[in-house]
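Only one structure is covered here, and it is reproduced in the block below.
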Amino acid sequence: MEKNVTDCLERGFEMLQDRRQLLGKPPTITEQDRQRIAMQLELAAEPWSAVHQSLIEYPEVIQALDDLWPQVIPYLIKGNEVSPIHHIPYVVQFMARIGLAEVTPLELKRGVLAALMHDIGIGDCALPKISEASIQRAEPAEKERLRRDGIASRREHMKLGVEIGRKLLSDYRRQHPQFLSDEDLEVILEIIGSHDFSKIPLMEDHVDRKWLLRSDRQDWLKQCHWEADALWMLTPAGIQVDLEREREENTPENRRAKFMFNLGLHRQIINLYAEAYSPAEMQEFGFRDGLLYRSATGYSLAKRLKQQSIPENTQDNTK
């Protein structure tokens with residue numbers, strides 16, 4: 001796999017050049033660019049190793065991930081200035097951990113492949129990614145524009161992700177027709193095309209249930225994927241990316257503050273659910289401790305990440 005990854009790097013840099021040119025930026029790939037990508041790939045090694053260990057009883061799934069990862073990398077390089085490459089292996093790792101305990105083997109396969117490709121469209125977005133934190137900090141006059149552009153950007157990257165994912169998965173299916181069915185393909189693409197829907201109400205001034213998951217089994221795989229994606233925000237790697245993006249010093253105090261802010265975003269999403277659904281319906285969802293985790297595995301992983309980030313003797317009343 002290493003050779004395949006290396007072979008894809010130059011294609012990724014060419015795609016990054018094209019993106020910069022379209023955005024009116026200097027397209028030259030610098031040594032600093034290459035070092036940043038090399039570091040992100042190095043940071044991807046640990047979660048990939050964990051994925052292989054977790055899925056050892058599913059060799060066909062591991063093989064598919066290994067075959068598709070080099071094809072995904074160029075798109076991640078193209079979008080690395082918005083979302084780092086190693087975000088993806090972390091989400092795959094968490095989806096594998098959650099999926100093994102919470103879904104069927106068929107759903108596990110679909111979930112990890114969706115995790116592999118869920119952000120593949122970011123590098124093709126014309127609009128910049130706008131974080132919830134930047135919207136909350138904005139002046140009132142600027143906040144509405146940021147909300148509008150933030151929603152449009154999230155919808156755009158999901159739409160583009162479906163287009164790219166359909167091509168890559170269809171090509172893979174032609175080579176491995178027994179591994180991927182038409183239904184597999186559509187379920188995976190449905191997750192890619194909707195994985196950020198539940199964050200959209202954070203940017204709106206009202207809550208529309210159309211963006212939210214349902215409490216029944218039909219949306220359970222989406223729920224597990226959502227938890228896997230959100231867990232990245234609680235990892236030391238994810239916290240560091242957030243601090244660098246916001247140009248904050250990487251100190252214990254800032255890491256703790258960012259962790260609690262991100263955990264607070266999880267709670268804000270559930271508060272939006274509480275606005276949209278009745279108390280009885282919220283009971284059916286079963287969000288644990290008022291956070292976005294409904295699966296026991298996702299909640300356990302979140303608690304473990306909190307213990308790593310915030311020593312027990314400094315933790316507040318947040319469970």
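The values are calculated or read from the model by the stated rules, or taken from the named source; none is laboratory data. Values in this document were obtained by computation on a predicted structure and should not be read as measured data. Cβ atoms come from the backbone with ideal geometry, glycine included; neighbour counts cover every protein chain shown.
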Query raised in the report: In the range 240-267, how many residues are of a type in the set (Val, Ile, Thr) and in a helix (DSSP H, G or I)?
Result: 1
Query raised in the report: Are there any pairs, at least 6 apart or on different chains, whose C-beta atoms fall under 6 Å, with the first in the range 100-126 and more than 30 Å from Phe13 (Cβ to Cβ) and touching a residue at least 12 places away in the same chain (Cβ under 8 Å) and the second among the hydroxyl-bearing types (Ser, Thr, Tyr) and part of a helix (DSSP H, G or I), and if so, which?
Result: Ala101/Thr297; Glu102/Thr297
Query raised in the report: Looking at Leu221, Leu263, Leu213, which is the one that is among the hydrophobic types (A, V, I, L, M, F, W, C), under 27 Å from Pro89 (Cβ atoms) and in contact with a Phe, Trp or Tyr (Cβ under 9 Å, 6 or more places away or on another chain)?
Result: Leu213
Report task. Mind telling me which of the residues Ile62, Ile98, Ile56 ends up being crowded, with 19+ Cβ neighbours inside 10 Å and not small (Gly, Ala, Ser)? Result -> Ile98
Query raised in the report: Based on what the data block shows, is Arg166 more than 17 Å from Trp69 (Cβ to Cβ) and exposed (fewer than 15 other Cβ atoms within 10 Å of the Cβ)?
Result: no
Requested in this report: Hey, can you tell me all the residues within the range 241-270 that are touching a helix residue (DSSP H, G or I) at 6+ places or on another chain (Cβ under 8 Å) and free of Cβ contacts under 8 Å to residues at least 12 places away in the same chain?
Outcome: Glu248, Glu249, Asn250, Asn254
Report summary line: Taking the range 183-199 and keeping only residues that are part of a helix (DSSP H, G or I), surrounded by 19 or more Cβ atoms within 10 Å (Cβ to Cβ) and at pLDDT below 95, one is left with Ser198, Lys199
Query raised in the report: Is one or more of the residues making up the range 311-319 part of a helix (DSSP H, G or I) and either buried (at least 18 other Cβ atoms within 10 Å of the Cβ) or in contact (Cβ under 8 Å) with a residue 60 or more places away in the chain (or both)?
Result: no
Report task. Among residues belonging to the range 33-74 that are of a type in the set (Asp, Glu) and under 25 Å from Leu160 (Cβ atoms), point out the one that is farthest from the chain's Cα centre (by Cα). Result -> Asp33
Report summary line: Checked Ala230, Ala237 against criteria (buried (at least 20 other Cβ atoms within 10 Å of the Cβ), at pLDDT 95 or above and part of a helix (DSSP H, G or I)); the one match is Ala230
Query raised in the report: Of Arg173, Arg154, which residue is under 25 Å from Gly79 (Cβ atoms) and over 17 Å from the mean Cα position of the chain (by Cα)?
Result: Arg173
Requested in this report: Name every residue in the range 152-187 that is of a type in the set (A, V, I, L, M, F, W, C) and closer than 14 Å to Leu113 by Cβ, in order of residue number.
Outcome: Val162, Ile164, Leu168, Leu169, Phe179, Leu180, Leu185, Val187
Query raised in the report: (1) at pLDDT 95 or above; (2) farther than 23 Å from Glu246 by Cα; (3) not aromatic (Phe, Trp, Tyr): which one isn't true of Gln40, the others all being true?
Result: (2)
Query raised in the report: Can Gly264 be described as within 21 Å of the chain's Cα centre (by Cα) and at pLDDT below 95?
Result: yes
